[in-house]
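The values are calculated or read from the model by the stated rules, or taken from the named source; none is laboratory data. Everything numeric in this text was worked out from a predicted model, so none of it was measured. Cβ sites come from the backbone with ideal geometry, for glycine too, and all protein chains shown count toward neighbours. SASA here: full protein model, heavy atoms, side chains in, ligands and nucleic acids out. Shrake-Rupley method; radii C 1.70, N 1.55, O 1.52, S 1.80 Å.
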Amino acid sequence: MTAAAPSRIAVVGASAAGLSVAEGLRRDGYTGRVTLIGDEPHLPYDRPPLSKQLLSGAWDTDRLRLRSAEALEALDLELRLGAAAVALDTGAREVALADGSRVGYDALVVATGVAARRLPGTEGIAGVHVLRTLEDAVGLREQLRPGLRLVIVGAGFVGAEAAAVARELGAEVTMVTDAAVPLADALGPDLGAMLSQVHAEHGVRIMPGVLVDAILAAGGRATGVRLADGRTVEADAVLVGIGAHPNTGWLAASGVPVGNGVECDATLYAGSGVWAAGDVASWLHPRTGRRLRIEHRANAAEQGLAVARNILAGPEHATPFDPVPYVWSDQYDLKIQIYGQLRGCDQVRIVEGSLAERRLTALYGRDGRVRGTVGINMARATRRYRPLVAEQAAWPIAADPDPALSDGPALSDGPAPSDGPAPSGVALSGVALSGRNA
Amino acid sequence: MKISVDFDKCCGAGQCVLAAPDVFDQRDDDGIVVLLDADPPADQYDNVRQAAAVCPAAAIEVHE
């Protein structure tokens, strides 16, 4: 720490990213005041299980706690929970909270995350759900029962995970999406089609390629959805999973640059003593020079640690944030792992396993470079391709097969071989994304 | 240092293996964490703290 290090740091947002900032500051030896401000009344809790274990009833809410009471105590935080930030004065360096109080700071971190996007005009209609907060998940869980007719609008990971849980609990599930192939937006048409097939086999009725025009309601309660092509689908409950938007409204008059999120430089600094981390942070990616905003749990933790480091280093000595993004999804008995960025990739190659086995590792490429890797029920093998993503290896990769890598050593052999350099022996032939590679 | 892992929470990210490969490994298919050393030597402490911090499932707890 330098002599100029701030003595008061306020973190707005008490979820994964905000907590990570606080932990990072303490780990890096910061002993000044840390105020952690959250609009929700709960101690920091984890969101990915909301559409998985919490929704299914496998876990109760206590298991969502991000840290034990002792671990939180040890961080010596000033916790302001249930206190939404409503305005920021970067001149006076104060955050105004909804209860009328103000919190002064020398450095501020915006980690306010995102809010679920809703269909216009559906606020206040009973039986219309989104899935972002603990209350959202508990509210939907209370509805799920055998025979419930659930319509899921959108076919992203949240909707797909909720569909899987709802089917396991016996609900009748219809998934409506404007995408031609559900989940193809994330994974490309081949893996997307395979996932759609898995959902269909589990009894999910999929209605692709159509927009939802309106939620139908009677007596203030949802009764179904009307589609843009005129068809209607009856429902007892509707889950809207059509993405999220950054929580930046409270920054409107602050002068902090806001576009699609808080606009930061490559080091996550937005100027005037303000930094950002997590879903809300839009930063200039140091390699592409383009803005990037990532709504994934792993990014929240890594970005929080990076901001903590950079605050203590000071804006002049801060280092760019250059991660390999990671996200996972659990659907039925499929465990999906994604490293890197698949968006915009126009090349895909299955390098281990196959679509038919529903067990595979695929590499994704764009502009002659490896940009991502996806694993389905092959988690450990897939991680071994992560270095290719990190270094953005040339695509196609020179064929120089290394049998030890393609087989994958047994666990009892120890971790050394699998954690060595990236597999270099993958024969890639630049197959178009729309091609069949299995 | 003592490490406890909630295997039921683990999502198979492998971030712990990247941070502390001498202490953590993964099972092949589901990627669930394998704890190689629950009481690691002092030269591993920083790596283990990093592993716990970046675990996206909050499955690793470190007691010091």
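Would you confirm whether or not segment A:280-288 contains a residue that is under 26 Å from A:Pro48 (Cβ atoms), part of a helix (DSSP H, G or I) and within 14 Å of another protein chain (Cβ to nearest Cβ)?
No.
Going by the conditions given, is A:Ala266 away from chain B (no Cβ under 14 Å) and touching a Pro at 6+ places or on another chain (Cβ under 7 Å)?
Against the criterion (away from chain B (no Cβ under 14 Å) and touching a Pro at 6+ places or on another chain (Cβ under 7 Å)), A:Ala266 qualifies.
Does segment A:299-316 contain at least one residue that is surrounded by fewer than 16 Cβ atoms within 10 Å (Cβ to Cβ) and on the phi < 0 side of the Ramachandran plot?
Looking through segment A:299-316, at least one residue is surrounded by fewer than 16 Cβ atoms within 10 Å (Cβ to Cβ) and on the phi < 0 side of the Ramachandran plot.
Filter segment A:65-97 for residues that are within 14 Å of chain B (Cβ to nearest Cβ) and either among the small types (Gly, Ala, Ser) or in contact with a Phe, Trp or Tyr (Cβ under 7 Å, 6 or more places away or on another chain) (or both) and give the result.
The answer is A:Arg65, A:Leu66, A:Ser68, A:Ala69, A:Ala71, A:Ala74.
How many residues, within segment A:373-382, are open to solvent by less than 10 Å² (accessible area, probe 1.4 Å) and more than 15 Å from A:Ala186 (Cα to Cα)?
Result for segment A:373-382: 3.
In segment A:97-114, how many residues are surrounded by fewer than 16 Cβ atoms within 10 Å (Cβ to Cβ) and of a type in the set (A, V, I, L, M)?
1
Please tell me if A:Leu292 is modelled with pLDDT of 95 or more, out of contact with any Phe, Trp or Tyr (no Cβ under 8 Å at 6 or more places or on another chain), closer than 30 Å to A:Asp367 by Cα and open to solvent by 20 Å² or more (accessible area, probe 1.4 Å).
No; evaluated as a whole, the condition is false for this residue.
Can you tell me how many residues within segment A:362-372 are surrounded by 24 or more Cβ atoms within 10 Å (Cβ to Cβ) and either closer than 19 Å to A:Ala184 by Cβ or at pLDDT below 95 (or both)?
Total meeting the criteria: 5.
What residue, among those in segment B:28-52 that are facing chain A (nearest Cβ under 7 Å) and either touching a residue at least 12 places away in the same chain (Cβ under 8 Å) or of a type in the set (Ser, Thr, Tyr) (or both), is most open to solvent (accessible area, probe 1.4 Å)?
Among those that are facing chain A (nearest Cβ under 7 Å) and either touching a residue at least 12 places away in the same chain (Cβ under 8 Å) or of a type in the set (Ser, Thr, Tyr) (or both), it is B:Arg49.
I need a count of the residues in segment A:366-399 that are under 11 Å from A:Gly340 (Cα atoms) and without any contact (Cβ under 8 Å) to a residue 12 or more places away in the chain.
0
Surrounded by 20 or more Cβ atoms within 10 Å (Cβ to Cβ) and more than 30 Å from A:Leu144 (Cα to Cα): which single residue out of A:Leu25, A:Leu64, A:Leu54 fits that description?
Unique residue meeting the criteria: A:Leu25.
Filter segment A:344-384 for residues that are farther than 24 Å from B:Val17 by Cα and aliphatic (A, V, I, L, M); which is farthest from the other protein chains (Cβ to nearest Cβ)?
My answer is A:Val348.
Quick check on segment A:376-384. Is at least one of its residues part of a strand (DSSP E or B) and either outside the structural domain of A:Phe157 (by TED's automatic domain parsing) or among the aromatic types (Phe, Trp, Tyr) (or both)?
yes
Please determine whether any residue of segment A:75-90 is assigned to a strand (DSSP E or B) and acidic (Asp, Glu).
Looking through segment A:75-90, at least one residue is assigned to a strand (DSSP E or B) and acidic (Asp, Glu).
Could you grab me the full set of residues in segment A:112-153 that are on the phi > 0 side of the Ramachandran plot and at pLDDT 95 or above?
The answer is A:Gly113, A:Gly127, A:Gly147.
Return the only residue of A:Thr31, A:Thr35 being hydroxyl-bearing (Ser, Thr, Tyr), away from chain B (no Cβ under 13 Å), over 30 Å from A:Ala166 (Cβ atoms) and in a strand (DSSP E or B).
A:Thr35
Residues that are in a strand (DSSP E or B), without any contact (Cβ under 8 Å) to a residue 40 or more places away in the chain and open to solvent by 50 Å² or more (accessible area, probe 1.4 Å): does segment A:262-276 have at least one?
The answer is yes, given that some residue of segment A:262-276 is in a strand (DSSP E or B), without any contact (Cβ under 8 Å) to a residue 40 or more places away in the chain and open to solvent by 50 Å² or more (accessible area, probe 1.4 Å).
Could you list, in sequence order, the residues of segment A:191-200 that are within 22 Å of the chain's Cα centre (by Cα) and open to solvent by less than 10 Å² (accessible area, probe 1.4 Å)?
A:Leu191, A:Gly192, A:Leu195, A:His199
Restricted to segment A:46-64, and to residues that are within 12 Å of another protein chain (Cβ to nearest Cβ) and not in a helix (DSSP H, G or I), which residue is nearest to A:Lys335 (Cα to Cα)?
A:Lys52
Here is a list: A:Ser51, A:Ser15, A:Ser7. Which entry is in contact with an Asp or Glu (Cβ under 7 Å, 6 or more places away or on another chain), closer than 30 Å to A:Glu168 by Cβ and either of a type in the set (Gly, Ala, Ser) or touching a residue at least 60 places away in the same chain (Cβ under 8 Å) (or both)?
Of the residues listed, the single one that is in contact with an Asp or Glu (Cβ under 7 Å, 6 or more places away or on another chain), closer than 30 Å to A:Glu168 by Cβ and either of a type in the set (Gly, Ala, Ser) or touching a residue at least 60 places away in the same chain (Cβ under 8 Å) (or both) is A:Ser51.
Could you identify the single residue in A:Val130, A:Val198, A:Val176 that is closer than 30 Å to A:Trp250 by Cβ and in contact (Cβ under 8 Å) with a residue 24 or more places away in the chain?
A:Val130
Being buried (at least 24 other Cβ atoms within 10 Å of the Cβ) and either of a type outside the set (A, V, I, L, M, F, W, C) or touching a residue at least 60 places away in the same chain (Cβ under 8 Å) (or both): is that true of A:Asp236 here?
no
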